[in-house]
């Protein structure tokens with residue numbers, strides 16, 4: 001039986017997310033697991049994980065939203081990612097706000113010039 005079972009809290013020790021806490025969502029085979037938490041949800045090698053003492057009672061294939069709620073309930077930081085579509089939408093909203101602010105400034109200048 002492996003120490004890297006579903007629900008095990010781990011510390012990522014390699015890669016871009018090194019030093020961040022994660023939870024094992026699914027065991028893929030003897031060397032790879034699916035992780036989520038304060039890391040990007042992804043398949044990772046168990047050699048890149050440091051198991052912590054805590055094992056949480058979670059279901060296999062837990063959604064990111066459920067993991068997010070779980071981490072927030074323990075006051076742990078959680079990876080909050082935006083999809084490309086959401087990022088583009090935010091960009092458009094910022095442009096609209098900037099344009100409306102510029103328009104308001106130009107209207108004020110016209111009024112003060114008269």
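Select from the stretch 19-32 the residues that are under 15 Å from residue 52 (Cβ atoms) and over 13 Å from the mean Cα position of the chain (by Cα) and write down the one among them that is surrounded by the most Cβ atoms within 10 Å (Cβ to Cβ).
First, the residues of the stretch 19-32 that are under 15 Å from residue 52 (Cβ atoms): 19-24.
So of that shortlist, the ones also over 13 Å from the mean Cα position of the chain (by Cα) come out as 19, 24.
Numbers: 19: 10, 24: 28.
Among them, the one singled out is 24.
Please enumerate the residues belonging to the stretch 1-16 that are touching a residue at least 40 places away in the same chain (Cβ under 8 Å), touching a strand residue (DSSP E or B) at 6+ places or on another chain (Cβ under 6 Å) and part of a loop (DSSP other than H, G, I, E, B).
3, 4, 6, 7
Every residue, every condition in (1) modelled with pLDDT under 70; (2) part of a helix (DSSP H, G or I); (3) closer than 27 Å to residue 29 by Cα; (4) in the same structural domain as residue 11 (by TED's automatic domain parsing), yes or no:
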position: 52; (1), (2), (3), (4): no, no, yes, yes
position: 59; (1), (2), (3), (4): no, no, yes, yes
position: 67; (1), (2), (3), (4): no, yes, yes, yes
position: 71; (1), (2), (3), (4): no, yes, yes, yes
position: 77; (1), (2), (3), (4): no, no, no, yes
position: 88; (1), (2), (3), (4): no, yes, no, no
position: 93; (1), (2), (3), (4): no, yes, no, no
position: 98; (1), (2), (3), (4): yes, yes, no, no
position: 111; (1), (2), (3), (4): yes, yes, no, no
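Taking the stretch 27-39 as the search range and keeping residues that are closer than 12 Å to residue 67 by Cβ and out of contact with any helix residue (DSSP H, G or I) (no Cβ under 8 Å at 6 or more places or on another chain), which one is modelled with the lowest pLDDT? Please lay out each step first, then the result.
The first filter runs over the stretch 27-39 and keeps only residues closer than 12 Å to residue 67 by Cβ, leaving 34-39.
Those still in the list that are out of contact with any helix residue (DSSP H, G or I) (no Cβ under 8 Å at 6 or more places or on another chain) too: 34-35, 39.
Details: 34: 96, 35: 96, 39: 93.
Restricting to residues being closer than 12 Å to residue 67 by Cβ and out of contact with any helix residue (DSSP H, G or I) (no Cβ under 8 Å at 6 or more places or on another chain), the top hit is 39.
The values are calculated or read from the model by the stated rules, or taken from the named source; none is laboratory data. If you're wondering where the values come from, they're calculated on a predicted model, not measured in any experiment. Don't worry about glycine lacking a Cβ; one is built from the backbone with ideal geometry, like all the others, and counts go over all protein chains shown.
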